[in-house]
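One structure is given below, encoded as structure tokens.
The values are calculated or read from the model by the stated rules, or taken from the named source; none is laboratory data. This is a predicted model, so every value here is computed, not measured. No Cβ is skipped: glycine too gets one built from the backbone with ideal geometry, and neighbour counts run over all protein chains shown. The accessibility values were calculated without ligands, DNA or RNA, using every heavy atom of the protein model including side chains. Shrake-Rupley method; radii C 1.70, N 1.55, O 1.52, S 1.80 Å.
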Amino acid sequence: QNPVLPGFYPDPSVCRVGADHYLVTSSFEYFPGVPLFHSRDLVHWRQLGHCLTRASQLSLVAAAASAGIWAPTLRHHDGVFYLVTTNVSAGSSFIVTARDPAGPWSEPIPVAQPGIDPSLFFDDDGTVLFTTSSDGALQSRIDVTTGQLRSEPRVVWGGTGGQYPEGPHLYARDGWYFLLLSEGGTEYGHMITMARSRSPWGPFEPCGRNPLLTHRSQRSPIQAVGHADLVESVDGRWFAVCL
């Protein structure tokens, strides 16, 4: 049944609210930015619109081909949808929020943390972590209402040695924190790796079965598989969406 979204839909990120799944992808130099989709079964997706629909949200004046918006992450917490992404042509990451995923989405809240491919993690104690890709997974505590950093960013895991460790996503399950990375570059060496720790700050232990997902050196007609995000379905099964 793959691909579930054929065509130009790279770097997917997914979250679930009840029985509803929502997915966003990169949009690069195109406007409006960040298409958003809805599904009940993770197979059939319907586009609800875009998250960045106003010039005040998305400046692409300096965006060359394949620049602009890179690798958004979509999360939901306490009735609010949070979209974080980087406009590499403007040199900054930012947060936009909405009560309804179909919009309207807020004005951008800038976040002064280096790196690309930002992700948010809401911990049970109320801490919110902001993770970007900068020589590995660079992480800090953040105030999501203001974008202010509450701790000095530091690299918590550098990956398994593949080039360009990016697309970090943090998850929690059964007392463990799991950190997912995309390594190898968006090309034939692309792969998904993961590590775990008892603390979101590490030290992180790489999975002994890394890479968890890749088509590198395989004779598959589908290549460059990577840049994933995970979601737990209503029935407790876990799924990945990937490039």
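Here are a few things to note about the model shown:
- A search for C-beta distances below 8 Å between a residue of the stretch 7-28 that is without any contact (Cβ under 8 Å) to a residue 60 or more places away in the chain and any residue that is of a type in the set (D, E, K, R) and outside any strand (DSSP E or B), counting only pairs 6+ apart in sequence or on different chains, returns ASP20/ARG40; THR25/ASP11; SER26/ASP11.
- Just one of (1) open to solvent by less than 40 Å² (accessible area, probe 1.4 Å); (2) among the charged types (D, E, K, R); (3) out of contact with any Asp or Glu (no Cβ under 6 Å at 6 or more places or on another chain) fails for GLU232. It is (1).
- Enumeration of residues in the stretch 199-219 that are of a type in the set (Ser, Thr, Tyr) and surrounded by 15 or more Cβ atoms within 10 Å (Cβ to Cβ): THR214
- Failed item in (1) touching a residue at least 24 places away in the same chain (Cβ under 8 Å); (2) in contact with an Asp or Glu (Cβ under 7 Å, 6 or more places away or on another chain); (3) surrounded by fewer than 22 Cβ atoms within 10 Å (Cβ to Cβ), with MET191 passing the rest: (3)
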